[in-house]
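**Q** Could you have a look at this structure, given as structure tokens, before my questions?
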Amino acid sequence: MRSLALSSFAIALLAGAACSGSDAGGGAARNPRHADLAAFFAEWRDFQKPRLVDGVPDYTPTAMAEQHAALADWRRRLVAFDTTGWTIAQQVDWQVISAEMYGLDFDHRVLKPWANNPGFYVTVFTEQSDQPAREGPFALGGLELWTNTYPLSTARTAEVQSGLRAIPKLLAQARTNLTGNGKDIWTYGAKAIARQGTELAAVATAWEKQAPALVADARAARAATDSFAAWLQAQAPQKTGPSGIGVANYDWYLSHVQLVPLTWQDEVTIMERELARAASSLRIEEERNRALPPQLPIASAAEHQRRFPAAVREYMSFLQSHRILTVTPDLEPALLARVGTFRPAPFEFFTEVDYRDPEVMRTHGFHWFDLANMANRPHANPVRRGPLLYNIFNTRTEGHATGWEELMMHAGMFDARPRSRELVWILLAERAARALGDLRMQSNEFTLEQASQFASDHTPRNWLKMSGGLVRAEQHLYLQQPGYGTSYVVGKIDVERLLAERARQQGDAFTMQAFMDDFSSRGLIPASLLRWEMTGTAPDVVRMLKAP
């Protein structure tokens, strides 16, 4: 058994209740106290945001100290809710808010991204994330420029202009806020800021024709970004400390924020096991397929244009004909919108996979189903309607998408293309290898460069190359957001446990379609809470808290 120290504002006790898993997601039964929780949730989210000063979020030491001091009262108010008689789904909502409060507490006590992480101040994004909220910690006020449609409306022009004009002021504040000594998080954060400058330069050029009213502001934001990047780079040689949070803090974060009932050491053991399983399974597949011709990557734009849409259609047909889930009309367009365009070699890791069989990564594209559901079938419960804070959805989103690759392989999707089964094992090996690098960064056994090298060395076929940009970018994300790098595999395992337990409970009445429809209807909550809600089995991390 592990012993986890609690923060100063709460005392944790194990929850004693475990009821039927049949109640609908998020408090379908009418309960006035649960309705009060939904109102409280809206207030909490307003408090969690930093206050704005002259249109800029205030992350100064004084403002952050005031916010942290006020957090204890929010905990007391949450603990004061009488949850007697609440359904599991309603208790799950309470747990979600509790986890978010712990996330803010951990930010103040340990991560302090506004003080330690230059990458926190990246606020310009030109590509859509496949997650409910952008991966990693970022300052309030991000500009999601990929949402622009031209010509811009007057309202959107004003919105983008306001965001651009905030950048110089935010970066000026950051020069005072940033006092951390973590070498890796500073160095790679500085590179992320420099990339923002490059993106703003490209945006300003494009806007000369698309949105001339924004060009001057884009150039001013770019100049401020470039100046800030130069300042960060000048400071970097003075940064000599570790960037990981340490094992004890990592264990606490898993339990209280990510709601993962494991420790750092548990996760190391799991990742080592999954890496070995993936590597050995790959070798057996390769032996079985040794007489088959090699699986060559797509080599032209014409082939890409033909094969990617065909892969989407074949995938959707498989899901429908095998009654794996209910295929709504918006799901196929959600995938077709993401097929992209041909890019010649050299390839990054996922392109190596994607260009050999475009259908394989469409399985991981379950993310786009999740986002379509959020947009077109919003949850009735406000606690689950939007993305949860601190990426605590990742065991559900990344974990399920990773597990779905293997489940669809076992369902027969690649029976006609045996070499594609090899790709599924390569994907799992890469996820386990980079997670081990991540874990050893957080324990301060590895630098980011060493973690990247480990992931590269243990990913089959040298497809995760150190000469590419992906391997370090992934480790940089995981260094900033504890628990993210391991969520792909630990979430996959938790969802597999959920599926197995639900099938055992239902026996012959179990169908995959009914299971997946239920699964998708409950919102993007942590996998451990989803398993509790659907099976009635409470995870070890569930706790009802008493006020200090």
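**Q** Only one of these is more than 30 Å from L164 (Cα to Cα) and either at pLDDT 95 or above or in a helix (DSSP H, G or I) (or both): R45, R30, R77, R2. Name it. Explain how you work it out, then say what you get.
**A** On the way: R45 fails: more than 30 Å from L164 (Cα to Cα); R30 fails: either at pLDDT 95 or above or in a helix (DSSP H, G or I) (or both); R2 fails: either at pLDDT 95 or above or in a helix (DSSP H, G or I) (or both).
Going through R45, R30, R77, R2 in turn, the sole match is R77.
**Q** Of the numbered conditions (1) part of a loop (DSSP other than H, G, I, E, B); (2) more than 20 Å from the chain's Cα centre (by Cα), T157 fails exactly one; give the number of that condition.
**A** (1)
**Q** Can you find a residue in the stretch 458-476 that is hydroxyl-bearing (S, T, Y) and part of a helix (DSSP H, G or I)?
**A** Step one: filter the stretch 458-476 for residues hydroxyl-bearing (S, T, Y), giving 459, 467.
Remaining after also requiring part of a helix (DSSP H, G or I): none.
No, the stretch 458-476 has no match at all.
**Q** Between a residue in the stretch 453-472 that is within 16 Å of L423 (Cα to Cα) and at pLDDT 95 or above and any residue that is in a helix (DSSP H, G or I) and of a type in the set (D, E, K, R), which pairs come within a Cβ distance under 6 Å, given they are 6 or more apart or on different chains?
**A** Every condition considered, the pairs that remain are T459/E430; W463/E352; L464/E430.
**Q** Ok, one more. At least 3 residues that are in contact with a Gly (Cβ under 9 Å, 6 or more places away or on another chain) and surrounded by 21 or more Cβ atoms within 10 Å (Cβ to Cβ) in each: list the helices (runs of 4 or more DSSP H) lying fully within the stretch 311-418 that qualify. If you could, list the steps in order and put the result at the bottom.
**A** Details: elements: 331-336, 349-354, 358-364, 366-376, 382-385, 394-410.
Filter on the stretch 311-418 gives 394-410.
**Q** Restricting attention to the stretch 481-494, which residues are closer than 22 Å to D518 by Cα and surrounded by fewer than 24 Cβ atoms within 10 Å (Cβ to Cβ)?
**A** Matches in the stretch 481-494: I493 only.
**Q** Let me ask something additional. Residue under question is L143, and the condition is that it be at pLDDT 95 or above, buried (at least 21 other Cβ atoms within 10 Å of the Cβ) and more than 25 Å from the chain's Cα centre (by Cα); does it hold?
**A** Working: at pLDDT 95 or above: yes; buried (at least 21 other Cβ atoms within 10 Å of the Cβ): yes; more than 25 Å from the chain's Cα centre (by Cα): no.
No; evaluated as a whole, the condition is false for this residue.
**Q** Okay, next question. Can you name the residue in the stretch 218-232 that is of a type in the set (A, V, I, L, M) and either outside any helix (DSSP H, G or I) or in contact with a Leu (Cβ under 7 Å, 6 or more places away or on another chain) (or both) and, of all such residues, is farthest from I193 (Cα to Cα)? Steps first, please.
**A** Of the stretch 218-232, the ones of a type in the set (A, V, I, L, M) are 218, 220-221, 223-224, 229-230, 232.
Applying the additional criterion that residues be either outside any helix (DSSP H, G or I) or in contact with a Leu (Cβ under 7 Å, 6 or more places away or on another chain) (or both) yields 218, 221, 224.
On the way: A218: 15, A221: 12, A224: 10 Å.
Of everything passing the filter in the stretch 218-232, A218 is farthest from I193 (Cα to Cα).
**Q** Against the condition part of a helix (DSSP H, G or I), of a type outside the set (D, E), within 26 Å of the chain's Cα centre (by Cα) and closer than 26 Å to N116 by Cβ, how does Q173 come out, does it pass? Steps first, please.
**A** Details: part of a helix (DSSP H, G or I): yes; of a type outside the set (D, E): yes; within 26 Å of the chain's Cα centre (by Cα): no; closer than 26 Å to N116 by Cβ: yes.
No.
**Q** I'd like to know if the stretch 241-251 contains one or more residues that are of a type in the set (D, E, K, R) and either farther than 30 Å from F106 by Cβ or not in a helix (DSSP H, G or I) (or both).
**A** Step one: filter the stretch 241-251 for residues of a type in the set (D, E, K, R), giving 251.
Those still in the list that are either farther than 30 Å from F106 by Cβ or not in a helix (DSSP H, G or I) (or both) too: none.
Checked the stretch 241-251: no residue is of a type in the set (D, E, K, R) and either farther than 30 Å from F106 by Cβ or not in a helix (DSSP H, G or I) (or both).
The values are calculated or read from the model by the stated rules, or taken from the named source; none is laboratory data. Since the model is a prediction, treat every value here as computed from it, not as a measurement. Using ideal geometry, Cβ is built from the backbone for each residue, glycine included, and neighbour counts are taken over all protein chains shown.
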